[in-house]
Every structure is written in C-alpha cells, then in structure tokens.
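Input: a single structure, listed below in structure tokens.
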Amino acid sequence: MRLARPTIGSLTLAALATAYLLFALNGTFWRKGLLYFTNHPLHLAALGIGLFLLMFSILAAVSLRFLLKPLVIALILISAVASYYVDSYGILIDRDMITNVAETTTAEAGHLLTAGFVLHLVLFGLVPAALVAVVRVRHRPFWQKARRNLALILPSLALTVAIVLTFYSSYASTFRTHRDLMASLNPVAPVTALVKYAQHWDGETVYVVAPLGTDAVPGPRLARAQKPVVAVLVVGETARGQQFSLNGYEKDTNPELKARGVVSFSDVSSCGTSTAVSVPCMFSNLTRAGHSDEKARSVENLLDVVKRAGFDVRWIDNDTGAYHVADRVPYTYLPDTADPRFCEGGECRDEILTDRLDAELKTVTGNTLIVLHQLGSHGPTYFKRYPQAFERFTPACQTAEFANCRREEIVNAYDNTILYTDHNLAETIDRLKARTDLDTTMLYLSDHGESLGENGIYLHAMPYILAPSTQTHVPMIAWFSDGFARTMGIDARCLAGRRDAPLSHDNLFHTMLGLADVKTGVYDTALDAFAPCRTPAAPSQVSDLGGQAR
C-alpha cells in the first residue's frame with residue numbers, strides 16, 4: 001500500500017521556507033544584529049519582519065510549478081553550507097571567497113570537509129531539502145494564482161517599504177558602519193557571490209596580454225657584475241605580520257632569522273585578503289587601487305619585465321598555483337612530485353622548497369630570479385603545516401574544527417607555522433650564502449594575513465573594506481649577501497633604519513626591479529622601497545647600459 005504524500009500549498013511552502021532560511025540558517029546574522037542594535041531591539045525586530053516579507057514576496061513571485069521546489073531545495077543547501085563556515089569561522093561569502101573555493105586544490109578543500117560540516121549539512125541541509133522534495137505542492141491555475149499571490153505580495157512589499165522608511169536613519173547608519181551585517185545574510189550573500197562569480201568567470205576567455213616594459217635592459221650595476229646575480233623571491237602564504245617576533249611579537253617565532261642579519265619591515269599592507277587576489281596584484285604594476293583580475297590578466301607583470309632584461313625566471317610552487325602570473329615562465333608544481341620525504345595527502349611541507357632550491361642553484365648560469373611559493377600558514381589545519389619538531393608552542397590545536405579547541409590552542413598551532421617558516425627562510429638564506437660564486441639576495445613577502453579569533457573571526461578572505469588589520473598586515477623580510485650588497489649598492493644599515501616605513505604590495509614590482517637593477521620606463525623610484533638606501537652607480541658604471549646580463 002503506497003503511503004499518501006503530504007500536500008502543501010505553494011504560498012505555505014514559500015512562507016515556511018522563508019522562515020527556515022531566515023531564522024534557522026542565519027545564526028551569525030542575528031548575533032551581529034543583536035550586537036549592533038543593542039539599544040534598539042525594536043529596530044532589529046522590524047528588520048526581521050521586513051526581511052521575512054521581502055524574501056517571502058520573492059519566493060511567492062516565482063512559486064510556479066516545476067520551479068518553486070527546486071529553487072527552495074537549492075537555497076536550503078546553499079544556505080546550509082554557507083551558514084556552517086560563516087558561523088564556525090566568522091568568514092563572509094563574497095565573489096573572492098567563491099573564487100578561492102573554485103580554484104583551491106583537492107587537498108586544501110579536504111581540510112574543510114570535517115565531520116562537523118557533514119553533520120551540519122545533513123541536519124540543516126539534506127534533511128529539510130528531502131522534506132521539501134517529498135511533499136506534494138498544490139498549485140492553483142495560473143491566473144488565479146497570479147491574483148492571489150499579488151494580493152499578498154503587494155501588501156508585503158508596501159509594509160517592507162514602510163518599515164525601511166520608518167527606521168531609515170537607524171538602518172542607514174548601522175549598515176554603513178557595520179557592512180558585515182548584511183554581508184552575512186543567508187541566502188542573499190552566497191547567492192549574490194555565486195552570481196558575481198558567474199558573471200566574471202573567464203574559463204572560456206582568451207586574454208590578449210599587452211607587453212610591459214619592452215625597454216627593459218640591465219642597469220649599470222647589473223651589466224658590470226662580476227658574478228651572476230641570483231634573487232630569490234619567497235611568496236608567503238597566510239602569514240600575519242603581528243606574529244613575527246622580528247616585529248615585536250612576544251613569542252620568539254623568529255629565532256633563526258634573527259641570527260642571520262635580516263631586515264624585517266614592520267608596517268606592510270597586502271593588496272588583498274586572499275591568494276587569488278593578492279598574488280596577481282603584487283606582481284603587477286597596477287597598485288591595489290587600480291587592480292582587477294581582468295586588468296592583471298591583460299598585461300604582463302614583473303616576471304615578464306625581469307625576463308626581458310635577460311634574467312632566467314623560474315616559479316617553484318608549493319601552494320595552490322600562480323594565478324596566471326607565471327604563465328610565460330618555467331613553472332614547477334611540487335605537490336605533483338608526491339615526494340615522500342615532504343608530501344602526504346596531496347600537500348607538501350615547505351622544506352620541499354629549500355630542497356628544490358639546491359637543485360635550481362646548481363643549474364644557474366647567469367642572472368636568475370627564482371620565485372618560491374610557500375604553503376606557509378594556510379588554515380584551518382595549521383598543525384599539518386609543520387613537522388612535530390616545530391611544535392614548540394603548546395598545547396596546539398590538532399583539528400580543523402576550531403569549536404573543539406580553545407583560542408590559545410589555535411594561536412599556538414598558528415605560531416608553530418611561523419616558527420617553521422622562520423626555519424625555512426633561514427635555510428634558504430644559508431643555501432644562498434654558501435654560493436660564494438653568486439651574488440645572492442632573498443626577499444620574503446606574504447600574500448595576506450589571518451584572523452585568529454579576534455572579534456570571533458577566523459581564517460581570511462574577508463572583503464577588503466571590512467577586513468581587520470590581522471588579514472592585511474603582512475611580513476616582509478630582506479637579506480643580502482655581502483657580494484650582492486656591494487654589487488647593487490645596498491646599504492643594509494640604512495634599510496634597518498627604515499624598517500617601520502609604511503609599505504604595501506604596491507611596492508613589490510618596483511622594489512624588485514630596483515633590487516635587480518633592471519632599467520625600464522615602467523619603473524617608479526618613488527615606489528621602490530629600497531631606493532633611499534641604494535647608492536648611485538659610479539660614473540664609470542653608467543657608460544654601457546646595454547651590456548649583456550650574465
């Protein structure tokens with residue numbers, strides 16, 4: 001005997017779905033609302049009513065046969081997924097976050113698919129979606145439905161407008177001051193982000209890349225260098241400047257770098273709060289104010305200009321890719337090697353980079369730029385980013401589910417990743433210093449920072465306008481061999497005196513050109529962080545700007 005399926009009216013389903021989406025899957029939104037409207041609870045209650053009426057009106061307007069149920073199911077599943085990460089880590093879902101998800105590696109994504117997430121998805125997503133799928137929805141004839149729905153939609157919209165007008169000054173000031181409030185609203189925020197991502201998705205776009213710095217030539221110092229010049233640019237991942245003891249952090253997270261005479265710059269800001277934004281931006285000459293993904297993809301970058309000046313340019317990756325920055329230079333993706341000494345589960349510890357650097361240095365025959373892209377401190381599985389020997393700050397969180405750890409344990413695990421980065425950078429310096437047949441330098445700069453529970457926010461990728469400084473304050477560290485400093489006229493003591501100068505990713509393009517002594521019209525001395533501490537070339541060195549690079 002077949003059991004009769006329960007029947008429900010289309011408007012009833014729209015109302016129940018709206019209530020479930022708004023009140024069951026918006027914990028963060030309502031917590032923030034209670035905080036921001038502490039002294040005006042009536043305003044928050046009115047906002048809830050207005051949002052319910054508006055969301056109900058939208059579902060009622062599209063409550064058509066064969067459309068309503070699939071739409072409600074999709075919204076429930078999207079909201080269930082988004083609510084877990086918004087509630088657990090305090091993140092916001094925007095286009096950049098969707099980009100990060102779309103372009104992440106399988107191993108990295110796997111760290112976020114925890115038991116807690118699966119349970120949340122089942123209870124708050126799959127079970128309600130299954131209930132919607134099971135029920136039979138009763139639809140009236142089209143014109144009768146249209147009249148009846150309009151009779152509810154129009155008064156609902158009118159009441160929504162009345163609420164907005166009544167409390168407009170309160171809402172306007174609150175939304176302007178606390179933009180994260182509406183940015184955490186499900187399903188509005190994730191659906192908007194998905195639409196924006198789809199609008200900008202360029203999987204089928206073929207970019208015509210405009211040349212940049214076509215006049216690039218070796219400068220006088222580079223042209224007359226007695227040894228090949230080798231610059232190693234280490235792109236950090238998720239390292240926040242506040243956690244470096246070189247910058248004043250109370251824990252000794254940089255014992256090895258401290259012993260190697262580096263210069264650490266304490267006031268450096270990132271271009272973005274995610275790798276997908278920051279990496280293309282920091283290698284371009286667009287600056288953060290003028291940067292967009294489309295613009296960056298449509299013009300050459302730092303690597304192309306340096307290559308044009310005769311450098312052998314190589315990108316060695318241990319993260320999630322170069323985001324089209326290295327499209328025109330030799331590129332190596334180390335996780336594909338599955339080296340058992342360093343790799344497990346599709347990811348590799350950053351020691352694989354220093355190991356690979358040994359092999360790269362053996363093949364150097366002329367001026368060379370090597371980019372090492374770290375996995376660094378990428379969360380939430382901080383404990384997987386370093387070997388056991390570097391777990392010096394304890395107790396350290398041993399799970400990706402932060403709800404199961406005290407904040408102190410999460411911070412300890414993160415600090416251990418910085419300690420490991422310190423070791424790897426020191427090892428990089430040691431390898432470069434040992435090559436006395438080369439003039440060597442290392443510059444380290446992280447792509448973005450990380451939130452570690454401040455104001456309930458974890459991880460990164462917040463919209464830049466809302467991002468706390470923990471996500472935008474990044475470390476930058478420079479080291480020069482004695483030979484390189486002499487060849488390029490670098491005054492390390494002068495740089496140490498400028499360690500607190502305000503810098504940003506905008507400086508990288510021009511600083512690297514200046515550091516490598518590449519002469520080109522796209523170079524801007526004002527944006528070269530090291531220019532004030534570089535001595536002018538002697539007159540005898542200026543005679544042959546067209547000399548061949550070694």
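The values are calculated or read from the model by the stated rules, or taken from the named source; none is laboratory data. Just so we're clear, the structure is a prediction, and the values are computed from it rather than from any experiment. Cβ: placed from backbone, ideal geometry, glycine included. Neighbour counts: every protein chain shown.
Mind listing whichever residues of segment 382-403 are part of a loop (DSSP other than H, G, I, E, B), touching a residue at least 40 places away in the same chain (Cβ under 8 Å) and in contact with an Asp or Glu (Cβ under 9 Å, 6 or more places away or on another chain)?
PHE393
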### Message
Could you tell me how many of the residues in segment 259-283 are of a type outside the set (Val, Ile, Thr) and more than 17 Å from LEU443 (Cβ to Cβ)?
### Response
5
### Task
Determine the pairs where a residue that is in contact (Cβ under 8 Å) with a residue 24 or more places away in the chain, located within segment 271-292, has a partner that is part of a helix (DSSP H, G or I) and of a type in the set (Lys, Arg) with Cβ atoms under 7 Å apart, the partner being 6 or more residues away or on another chain.
CYS271/ARG288; CYS281/ARG288
#### Entry: Residue that is within 25 Å of ALA223 (Cβ to Cβ), acidic (Asp, Glu) and in contact with a strand residue (DSSP E or B) (Cβ under 7 Å, 6 or more places away or on another chain), where the choices are ASP312, ASP317
ASP312
### Message
Checking LEU112 against (1) surrounded by 15 or more Cβ atoms within 10 Å (Cβ to Cβ); (2) assigned to a helix (DSSP H, G or I); (3) within 21 Å of the chain's Cα centre (by Cα): exactly one of these is not met. Which one?
### Response
(2)
### Message
Checking THR381 against (1) polar (S, T, N, Q); (2) under 19 Å from the mean Cα position of the chain (by Cα); (3) closer than 21 Å to TYR249 by Cα, only one condition comes out false. Which one?
### Response
(3)
### Residue within segment 155-170 that is over 24 Å from ALA17 (Cβ atoms), of a type in the set (Gly, Ala, Ser) and exposed (fewer than 12 other Cβ atoms within 10 Å of the Cβ) present
yes
### Residue tally, condition in contact with a helix residue (DSSP H, G or I) (Cβ under 8 Å, 6 or more places away or on another chain), closer than 23 Å to MET488 by Cβ and assigned to a loop (DSSP other than H, G, I, E, B), over segment 313-372
2
### Summary
Of the candidates ARG176, ARG147, the one satisfying the condition of being under 29 Å from ASP293 (Cβ atoms) and exposed (fewer than 12 other Cβ atoms within 10 Å of the Cβ) is ARG176
### Query
If the Cβ limit is 8 Å and pairs must be 6+ apart or interchain, which residue in segment 421-441 that is assigned to a helix (DSSP H, G or I) pairs with which residue that is basic (Lys, Arg)?
ALA426/ARG260; ILE429/ARG260; ASP430/ARG260
### Query
So is VAL188 under 24 Å from the mean Cα position of the chain (by Cα), of a type outside the set (Ser, Thr, Tyr) and surrounded by 14 or more Cβ atoms within 10 Å (Cβ to Cβ) or not?
yes
### Message
Looking only at segment 424-442, filter to residues that are closer than 24 Å to MET282 by Cα and in contact with an Asp or Glu (Cβ under 8 Å, 6 or more places away or on another chain); which one of those is surrounded by the most Cβ atoms within 10 Å (Cβ to Cβ)?
### Response
LEU425
### Task
Starting from residues that are among the charged types (D, E, K, R) and surrounded by fewer than 19 Cβ atoms within 10 Å (Cβ to Cβ), keep the ones in segment 289-299 and report whichever is nearest to PRO218 (Cα to Cα).
LYS295
### Message
Any residue that is within 25 Å of GLY50 (Cβ to Cβ), assigned by TED's automatic domain parsing to the domain that holds PHE52 and not in a helix (DSSP H, G or I) - is there at least one of those in segment 149-166?
### Response
no
### Query
Considering only helices (runs of 4 or more DSSP H) fully contained in segment 443-513, which possess at least 2 residues that are surrounded by 18 or more Cβ atoms within 10 Å (Cβ to Cβ)?
469-472, 482-488
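Condition check ((1) at pLDDT 95 or above; (2) surrounded by fewer than 22 Cβ atoms within 10 Å (Cβ to Cβ); (3) touching a Cys at 6+ places or on another chain (Cβ under 9 Å)) across all residues:
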site: ASN301; (1), (2), (3): yes, no, no
site: LYS307; (1), (2), (3): yes, yes, no
site: GLY321; (1), (2), (3): no, yes, no
site: VAL329; (1), (2), (3): yes, yes, no
site: GLU351; (1), (2), (3): yes, yes, no
site: THR363; (1), (2), (3): yes, yes, no
site: LEU372; (1), (2), (3): yes, no, no
site: GLU391; (1), (2), (3): yes, yes, no
### Query
in contact with a Ser or Thr (Cβ under 7 Å, 6 or more places away or on another chain) and in the same structural domain as LEU432 (by TED's automatic domain parsing), is that true of ASP317?
yes
### Summary
For helices (runs of 4 or more DSSP H) lying entirely in segment 1-76, having 2 or more residues that are out of contact with any Phe, Trp or Tyr (no Cβ under 8 Å at 6 or more places or on another chain), buried (at least 21 other Cβ atoms within 10 Å of the Cβ) and among the aromatic types (Phe, Trp, Tyr) picks out none
### Task
Working carefully through the options ASP355, ASP319, ASP312, ASP336, find the one that is among the acidic types (Asp, Glu), in contact with a His (Cβ under 7 Å, 6 or more places away or on another chain) and farther than 29 Å from ALA496 by Cβ.
ASP319
### Task
Read through the list (1) part of a helix (DSSP H, G or I); (2) surrounded by fewer than 24 Cβ atoms within 10 Å (Cβ to Cβ); (3) in contact (Cβ under 8 Å) with a residue 12 or more places away in the chain; (4) not β-branched (Val, Ile, Thr), then give the number of the only condition that ALA413 fails.
(2)
